[in-house]
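*Asks:* Here's a structure for you.
The values are calculated or read from the model by the stated rules, or taken from the named source; none is laboratory data. On a predicted model such as this, the values are computed, not experimentally measured, just so you know. Positions of Cβ are generated from backbone atoms using ideal geometry, with glycine treated the same way; all protein chains shown enter the neighbour counts. Please note that ligands, DNA and RNA were not included when accessible areas were found on the heavy atoms of the full protein model with its side chains. Shrake-Rupley method; radii C 1.70, N 1.55, O 1.52, S 1.80 Å.
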Amino acid sequence: MPRPHVLLSAAVSIDGHLDDASPERLLLSNAADFDRVDALRADSDAILVGGGTLRADNPRLLVNSPERRAARTAAGLPAYPLKVTLSASGRLDPALRFWHTGGAKLAYTTDATAPALAAALAGAPGTEVVGLGAAVPLGAVLDDLGARGVRRLMVEGGGSVHTRFLAEGLADELQLAVAPLLVGQADAPRFLSPAAYPGGPARRMRLLGARTVGDVVLLRYAPKESPDEQQ
């Protein structure tokens, strides 16, 4: 089965941070941009975040608009996209909101940790745990999701997950919302980490579009394409 189209979505400060170093979540987006992200979720078959993001942010990852949920069900889809997470360690608290909101959930982990994680999540409705061997390879994740009928995958972080998708050349589109903030803290989480990205620092991605969403600038890139490939 074909792998899903992979869309990376993130909001960052001007200096490239996903958050600040305080215990409270820094809201980088504005109301209009949050609504844009909600629309992206509604158009996706699955939404993926890493285990670190679950532990740090305790997100629900829902489609918040009743109208968008109704449109999904009218089209014969579940009201909520499949929620997906990755965790090689299997250290995922069963009390997290991720497990107890929305529809079906899927956790990818290693073969060694899968039995314990499945037991821990036995009380989480609609949750499946899948072991992928000695590690959690992204290619195997995409293959499995494709076999499940996922055609459009939205990846919402965190930074290590975005880094892996880009470094392994597995992202089809990047949507980056740049907020007019400067975090300036060395220990604040960054959007990307150092990695051997395809083509190195001289390679330029193709820009698909740029527009303002209130005081946020949305940049859309095609990570697999260079401008000269479109000539």
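*Asks:* Does segment 1-28 hold any residues that are in a loop (DSSP other than H, G, I, E, B) and either buried (at least 17 other Cβ atoms within 10 Å of the Cβ) or touching a Lys or Arg at 6+ places or on another chain (Cβ under 6 Å) (or both), and which are they? It would help to see each step written out before you state the result.
*Replies:* Initially, segment 1-28 is screened for residues in a loop (DSSP other than H, G, I, E, B), giving 1-4, 14-16, 18-28.
R3, P4, G16, L18, D19, D20, L26, L28, listed by residue number.
*Asks:* Considering only residues that are of a type in the set (S, T, N, Q) and open to solvent by less than 20 Å² (accessible area, probe 1.4 Å), which ones fall in segment 34-64? Before the answer, list the steps.
*Replies:* Just the residues of segment 34-64 that are of a type in the set (S, T, N, Q), to begin with: 44, 53, 58, 64.
Across segment 34-64, the qualifying residue is only S44.
*Asks:* Quick one: which residue in L182, L170, L176, L218 is in contact with a strand residue (DSSP E or B) (Cβ under 7 Å, 6 or more places away or on another chain) and open to solvent by 30 Å² or more (accessible area, probe 1.4 Å)?
*Replies:* Just a single option satisfies the conditions, and that option is L182.
*Asks:* Another question, then. Out of segment 53-95, which residues are more than 18 Å from A107 (Cα to Cα) and either in a helix (DSSP H, G or I) or among the polar types (S, T, N, Q) (or both)?
*Replies:* Listed by number, the residues that qualify are N64, S65, P66, E67, R68, R69, A70, A71, R72, T73, A74.
*Asks:* If we keep just the residues of segment 197-231 that are part of a loop (DSSP other than H, G, I, E, B) and among the polar types (S, T, N, Q), which is farthest from L166 (Cα to Cα)?
*Replies:* Q231
*Asks:* Test each condition in (1) surrounded by 17 or more Cβ atoms within 10 Å (Cβ to Cβ); (2) in contact with a Leu (Cβ under 6 Å, 6 or more places away or on another chain) for A210 and report the one that comes out false.
*Replies:* A210 satisfies every listed condition except (1).
*Asks:* Of the residues that sit in segment 135-167 and are among the charged types (D, E, K, R) and in contact with a strand residue (DSSP E or B) (Cβ under 8 Å, 6 or more places away or on another chain), which one is surrounded by the fewest Cβ atoms within 10 Å (Cβ to Cβ)?
*Replies:* Among residues in segment 135-167 that are among the charged types (D, E, K, R) and in contact with a strand residue (DSSP E or B) (Cβ under 8 Å, 6 or more places away or on another chain), the one surrounded by the fewest Cβ atoms within 10 Å (Cβ to Cβ) is R151.
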